[in-house]
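One structure below.
The values are calculated or read from the model by the stated rules, or taken from the named source; none is laboratory data. What you see is a predicted model; the values in this text were computed from it and never measured. Note that we place each Cβ from the backbone using ideal geometry, even for glycine, and neighbour counts take in every protein chain shown.
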Amino acid sequence: MLYENHLVVLVRNMPKKLNLAFALFEYVPFGGMQKDLLRIARECLARGHLVKIYAGLWEGKQPPNISVTVIPVKGIANHRRCKSFSDRFMRLCASMKYDLVVGFNKMPGLDVYFCADTCFAAKARCRFPLYRFTSRCRTYLDLERSVFRRNHKTWILMLSERERDVYKQYYDTDDDRFFLIPPGISKDCILPDNAHEIRRRLRKTIGISEEMFMILMVGSHFRTKGVDRSIRALASLPTECRERSILVVVGDDRQRPFERLANRYNVKNRLLFMGGKENVNEFFFAADLLLHPSYRENTGAVLVEAMAAGLPVLATDVCGYGSHVMAARAGRLIPSPFRQKTMNEMLAQMLLSDSLGTWSENGRKYVHEVDVFSLPQAAANVIEQAAVYAGR
């Protein structure tokens, strides 16, 4: 395993200007992996390299000064569209002769893979036995195997040591192909001097008084992030605490199923869906607690972002960046196997605890002492060193 101190030595042999192809199946606004892709692309551009992004789907605005090509894909099912994109992208790359191909989803032919996903083989093992024989499962396993199989060339940018060990368990991947890089949150998340003013203004805008507990969730893919779990936990709060609490969800996904669930639990009037927001940092500054009971999460950058903003965290322990929460003593983790009753109790305890201020201060102190910002730089270092290694 090569860590950052090794990389500092390695990248002294700076390569020539590189012609790089970045690839991802789908770009959606506000996605964590998508934000990381753009940050890495901009860092590579700042170093003088050329970057072109290819995607099977692009929603929202395209970034200025970065070339984006959308490759039409075929297939009704998602796995067929992924395979279609992979095949077409690789044929295109063969004709364009890029120096390096950097993938943000699993596919054959990558020189560098940014591992934002959890191990599919591990998830498939938990499904019903015949699932492994379905076309969907076989397709995703083939794509994953094309990156992680032993004695392969792809260098892998890992965000989580725990997830690295899971991949090694299933694929016996070579140790020297893994590169562990730090989180890459924006410094805009750090609590500013005028945070109290921002908090007051935003709460007034969305109709939450200072006396209310503002419980915040941030992230799209509401099902995966555990919005259903949060609604049940909200409904379970002691009456007085529940009547003082509002669950605010910032992210872009279908709201209706969760509104129906909230209605069933009689807490629909305690739930606000805000949609995707560019000013998500202001929601961190305005809230009292970040809730992130994700079903699965390779990293969970939102946990570290919340800590930088001085926001205590309650998350499931499956989140890769939960280790930062525990190291900082900036909140609590819901243990696995997940039990709704345990989460309900932990949420009530945290909201009513005298330790909210301590958790807040611990998180802010931690992000000033530990590197949680340099993901783009570390990733660009590895990309450049991969080019040196390949003789490009």
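Every residue, every condition in (1) out of contact with any Cys (no Cβ under 9 Å at 6 or more places or on another chain); (2) crowded, with 18+ Cβ neighbours inside 10 Å; (3) more than 23 Å from GLU243 (Cβ to Cβ), yes or no:
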| residue | (1), (2), (3) |
| --- | --- |
| ALA327 | yes, no, yes |
| ARG339 | yes, no, yes |
| MET343 | yes, yes, no |
| MET350 | yes, yes, no |
| TYR366 | yes, yes, yes |
| GLU369 | yes, no, yes |
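Regarding the range 71-86, can at least one residue be identified that is surrounded by 17 or more Cβ atoms within 10 Å (Cβ to Cβ), under 28 Å from SER160 (Cβ atoms) and aliphatic (A, V, I, L, M)? No, the range 71-86 contains no residue that is surrounded by 17 or more Cβ atoms within 10 Å (Cβ to Cβ), under 28 Å from SER160 (Cβ atoms) and aliphatic (A, V, I, L, M). Among residues of the range 285-302 that are on the phi > 0 side of the Ramachandran plot, those with a beta-carbon under 6 Å from a residue that is assigned to a loop (DSSP other than H, G, I, E, B) and buried (at least 24 other Cβ atoms within 10 Å of the Cβ) at least six positions away or on a different chain give the pairs GLY300/TYR321. Screening ASP253 against (1) part of a helix (DSSP H, G or I); (2) under 17 Å from the mean Cα position of the chain (by Cα); (3) more than 25 Å from TRP359 (Cα to Cα) leaves a single unmet condition, (1). Among the criteria (1) surrounded by 20 or more Cβ atoms within 10 Å (Cβ to Cβ); (2) polar (S, T, N, Q); (3) under 22 Å from the mean Cα position of the chain (by Cα), the one ASN279 does not fulfil is (1). Which of the numbered conditions does ARG47 fail, given that it passes all the others? Conditions: (1) more than 23 Å from the chain's Cα centre (by Cα); (2) modelled with pLDDT under 95. Result: ARG47 passes all but (2). Pairs meeting the criteria (first residue in the range 155-180 and under 14 Å from VAL112 (Cα atoms), second residue of a type in the set (Asp, Glu), beta carbons under 6 Å, at least 6 apart or on different chains) are lacking.
Of the residues screened, LEU20 is not one that is assigned to a strand (DSSP E or B), closer than 23 Å to VAL302 by Cβ and touching a strand residue (DSSP E or B) at 6+ places or on another chain (Cβ under 9 Å). Selection of the range 68-111 for residues being β-branched (Val, Ile, Thr) and either in contact with a Gly (Cβ under 9 Å, 6 or more places away or on another chain) or part of a loop (DSSP other than H, G, I, E, B) (or both) yields VAL70, ILE71, VAL73, ILE76, VAL101.
Any residue at all in the range 173-180 that is at pLDDT 95 or above, within 30 Å of ASP142 (Cα to Cα), buried (at least 19 other Cβ atoms within 10 Å of the Cβ) and basic (Lys, Arg)? Within the range 173-180, one or more residues are at pLDDT 95 or above, within 30 Å of ASP142 (Cα to Cα), buried (at least 19 other Cβ atoms within 10 Å of the Cβ) and basic (Lys, Arg).
Of all residues in the range 46-60, those satisfying the criterion of being in contact (Cβ under 8 Å) with a residue 24 or more places away in the chain and either out of contact with any Pro (no Cβ under 7 Å at 6 or more places or on another chain) or outside the structural domain of LEU24 (by TED's automatic domain parsing) (or both) are ARG47, GLY48, HIS49, LEU50, VAL51, LYS52, ILE53, TYR54, ALA55, GLY56, LEU57, TRP58.
Looking only at the range 171-191, residues that are closer than 25 Å to GLY31 by Cβ and outside any strand (DSSP E or B) come to 11 in all.
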